[in-house]
Amino acid sequence: MENFNYYAPTQVIFGRRTEEQTGELVRAQGCQRVLVHYGSGSVKKSGLLDRIFRSLDEAGVSYICLGGVVPNPRLSLVYEGINLCKREGVDFILAVGGGSVIDSAKAIGYGVTNEGDVWDFYEKKRQASGCLPVGVVLTISAAGSEMSDSSVITNENRCLKRGYSSNYARARFAVMNPELTMTLPKYQTASGCVDIMMHTMERYFNQCENMELTDGISEHLIRTVMKNARILMDEPDNYEARAEVMWAGSISHNGLTGCGTDGGDWACHQLEHELGGMFDVAHGAGLAAVWGSWARYVMDARPERFAGFAVNVMGVEAGKNEMETAIKGVEAMEAFYKALEMPVCIRDLGIDPAEKELRELAEKCSHFRRRTVGCVKKLDVNDIYQIYKNALTYEENGDQKDPHRPEKV
Ligand code: NZQ
Ligand code: ZN
């Protein structure tokens with residue numbers, strides 16, 4: 001087991017009607033003026049926003065509002081939020097929504113606390129020295145931003161989606177009522193489940209040995225999400241299934257499933273972020289679209305790990321050798337994505353990048369050839385291009401794109 005530093009300071013208030021406690025939770029932070037930040041309308045339509053306002057009023061909290069966050073949250077709204085907070089003397093941000101709202105809140109928090117252009121942090125030009133405190137009322141189980149140290153923002157002028165991580169932005173509290181996620185469209189529920197699984201899979205595919213406990217937690221977490229995601233496709237109001245998925249979403253990305261590892265691979269997230277930046281696709285769906293291509297491209301570097309995943313997580317029977325088992329596992333995951341009506345290739349996302357755009361995606365993902373991504377295999381710009389290219393279409397059984405598939409007899 002590798003050495004590790006596990007830090008998960010967010011207070012979690014989980015269960016039915018917990019949003020009624022929001023006012024008291026905010027007041028306990030000792031702040032003077034709060035920004036309530038939210039998305040494009042779901043929280044108004046569901047009546048949640050009104051309930052939050054009531055709770056803040058009852059607690060005597062002074063607040064202002066800024067809505068309009070969109071998926072793949074935009075830098076322009078972050079700038080607007082920073083100016084608003086400075087003007088109004090805001091000292092606490094309450095994010096009511098999903099990963100996009102929370103990430104936008106964190107970015108505004110960085111911009112208020114630090115001088116200069118907040119985008120510098122996302123470009124890794126410099127480090128933040130603080131962030132306004134952020135609290136969360138979560139409405140979608142997916143990104144895990146309610147307990148993670150990350151914030152992912154899209155610079156719409158440059159079609160660039162970039163993440164920045166620091167412990168300053170960890171939410172002070174996260175209110176999680178699984179009932180709030182029952183209004184989600186099926187596509188968002190499925191996309192969220194893929195993202196949750198991927199946060200653990202990215203950590204699971206690593207270059208380490210001997211992580212018995214972490215592997216066990218990870219494998220069980222992924223199986224739990226798969227089981228309950230299937231239930232939610234038919235029963236969106238199933239509280240227990242919503243609750244399992246919601247809790248999995250937080251612990252899948254709060255560091256727990258990375259303890260004792262080298263941190264994991266994360267190539268698929270980097271690949272997806274460029275797709276999101278250029279084509280504005282839903283994050284989880286974008287991950288599903290590239291995962292099979294990535295797995296086939298790198299699995300020969302760690303066939304035993306992929307074979308273990310196939311048997312322990314996907315429940316497939318071992319094949320004649322590790323590679324055969326590994327491929328069966330990938331196919332089983334793709335079948336699961338299809339069952340969720342998730343994409344298994346880029347064209348399934350409803351986009352069709354031209355050759356020039358695939359090259360551009362690869363250039364951006366490699367930070368214009370200044371970095372490699374992934375650790376199972378370190379991927380340079382050419383590898384990245386090839387993975388995008390292979391991910392463009394999906395041939396049944398993966399015959400044409402699978403360099404390791406045994407000959408058919
Ligand atoms: O804007 P509204 O109207 O609220 O609609 C949202 C949005 O259209 C809707 N929605 C959310 N809760 C709902 C609901 N609709 C009905 N009922 C509800 N209860 O769902 C749509 C998606 O919302 P979004 O916040 O974008 O989803 P998600 O949580 O998946 O966040 C995605 C963003 O998080 C980033 C992604 O890259 C993407 O930008 N990520 C952030 C991470 C982090 N900070 O740790 C890690 C992740 O890997 C990810 O990169
Ligand atoms: Zn993710």
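The values are calculated or read from the model by the stated rules, or taken from the named source; none is laboratory data. Keep in mind that this is a model prediction, so the values were computed, not measured. Using ideal geometry, Cβ is built from the backbone for each residue, glycine included, and neighbour counts are taken over all protein chains shown. The accessibility values were calculated without ligands, DNA or RNA, using every heavy atom of the protein model including side chains. Shrake-Rupley method; radii C 1.70, N 1.55, O 1.52, S 1.80 Å.
Here are the numbers:
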| item | result |
| --- | --- |
| The chain - percent relative contact order, Cα under 8 Å, separation 6 or more | 15 percent |
| Rounded to the nearest 10 Å², the accessible area of GLU324 at probe 1.4 Å | 40 Å² |
| Over region 155-258, volume per residue of the alpha carbon convex hull, in Å³ | 144 Å³ |
| Debye log10 I(q)/I(0) at q = 0.18 Å⁻¹ for region 75-185, Cα point scatterers | -0.84 |
| Computed Kirkwood radius, in angstrom, where 1/r is averaged over Cα pairs of the chain | 21.6 Å |
| Between region 96-137 and region 1-67, the alpha-carbon center distance in angstrom | 17 Å |
| Separation of alpha-carbon centers, region 189-215 and region 360-385, rounded to whole Å | 21 Å |
| For the chain, size of Cβ-based charge dipole, Lys and Arg +1, Asp and Glu -1, in debye | 880 debye |
| Two-site label geometry, CYS65 and MET1: point separation in nm, points 7 Å out along Cα→Cβ | 4.8 nm |
| Per DSSP, loop trypsin sites (Lys or Arg not before Pro) in region 1-62 with at most 13 further Cβ within 10 Å | ARG16, ARG17 |
| ³J(HN,Hα), Karplus 6.51/-1.76/1.60, whole Hz, each residue of region 161-170, x for Gly, Pro | 10, 9, x, 9, 10, 6, 5, 4, 8, 4 |
| Loop-resident sites, region 104-161, for GluC sites (Glu not before Pro), counting at most 15 other Cβ within 10 Å (DSSP) | GLU115, GLU123 |
| Expected 222 nm ellipticity per residue - DSSP helices of 4 or more, -39500 (n - 2.57), all of the chain, to 500 | -14500 deg cm²/dmol |
| Stretch in the chain that is longest and holds no chymotrypsin sites (Phe, Trp or Tyr not before Pro) that DSSP places in a loop and that have at most 14 other beta carbons within 10 Å | 8-367 |
| Derived scalar couplings ³J(HN,Hα) [region 326-341; Karplus, 6.51 cos²θ - 1.76 cosθ + 1.60; whole Hz; x for Gly, Pro] | 4, 5, 4, x, 5, 5, 5, 5, 5, 5, 5, 4, 4, 4, 8, 6 |
| Per-residue ³J(HN,Hα) for region 104-119, Karplus 6.51 cos²θ - 1.76 cosθ + 1.60, θ = phi - 60°, Hz, x for Gly and Pro | 5, 4, 5, 5, 4, x, 5, x, 6, 7, 10, 5, x, 7, 4, 4 |
